[in-house]
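Scroll down for the structure; my scribbles are underneath it.
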Amino acid sequence: MSKKEEKKIEITHDCTLPPLEQSEKVKKRRLEEEKLAAAEELKNVQIVDGEPKKFTSIGTAMGQRIGEELVQFLRTNSDVFAWSVHDLTGIDPRVMVHKLNVNPNFRPVTQKKRNFRQERNEIIKEEVDKLLTRSTFVRYNTQNG
C-alpha cells in the first residue's frame, strides 16, 4: 500500500468517528431508554387501609396466589416501612449518624438578603413555614446575622 493510500485511509477513518458531544448524547439517550424499560407490568397495592398515600408497587407476572400472599405479608409488616421522615426518628446511632463538619470557633456566615417581588416573597414565606412545621428543619437564630 502506498503512502498516499495510507493517508487516505487515515482521513476516512477520522471522518467517521463521532464527535465527543454526540457520543455523550447518545449514551445519555440509551441510559434513559434503559431506565424506562420495565421488566414486567407493575400494579400499586395499598398497604395501609384508609391511607391511599401508603402504597407500594409489585409485579404482575407472579401467580395470583403468590401475589396475594406477598400483599398480605406487606400489610402485616407495614410498620417497617418509612412513609415519612418522621418515621425514621428511631434509628440507632450505631447504624447511621449525620454530622456537619463545623468548627465551633467560627461564627456562621449569613447570606446576603435578596429582594424579591411581593408575590414571590409571600410564596417563599409560605414554603419556609410549611417546611418548618411539617418536617425536621430547624430555625437557628444567630445574633448579628
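Any read-out appearing in this document is the output of simple, stated calculations on the displayed coordinates, not a laboratory observation. Just so it is clear, the model here is predicted, and its values are computed rather than measured. Cβ coordinates were reconstructed from backbone atoms using ideal geometry, including for glycine residues, and neighbour counts include every protein chain displayed.
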Checklist entry - Quick one: length gained pulling Thr133 to Asn105 fully straight, 0.36 nm per residue minus the C-alpha distance? => result 7.1 nm
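Hey, with R₀ at 30 Å, roughly what FRET efficiency would Asn44 and His86 work out to, going by the Cβ-Cβ distance, to 0.05? It would help to have the intermediate numbers written out before the result.
Details: r = 23 Å, r/R0 = 0.76.
Plugging the Cβ-Cβ distance into 1/(1 + (r/R0)^6) gives 0.85.
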Checklist entry - So which of Lys53/Lys125; Lys43/Lys125; Lys54/Lys130; Lys43/Lys99 end up more than 31 Å apart by C-alpha? => result Lys43/Lys125; Lys43/Lys99
Checklist entry - Peptides 80-91, 104-115: what's the order by average Cβ count within 10 Å, highest mean first? => result 80-91, 104-115
Next on the checklist: At 0.36 nm per residue, and after removing the present C-alpha to C-alpha distance, how many nm does the segment from Ile123 to Arg75 gain when stretched out fully?
Outcome noted: 13.4 nm
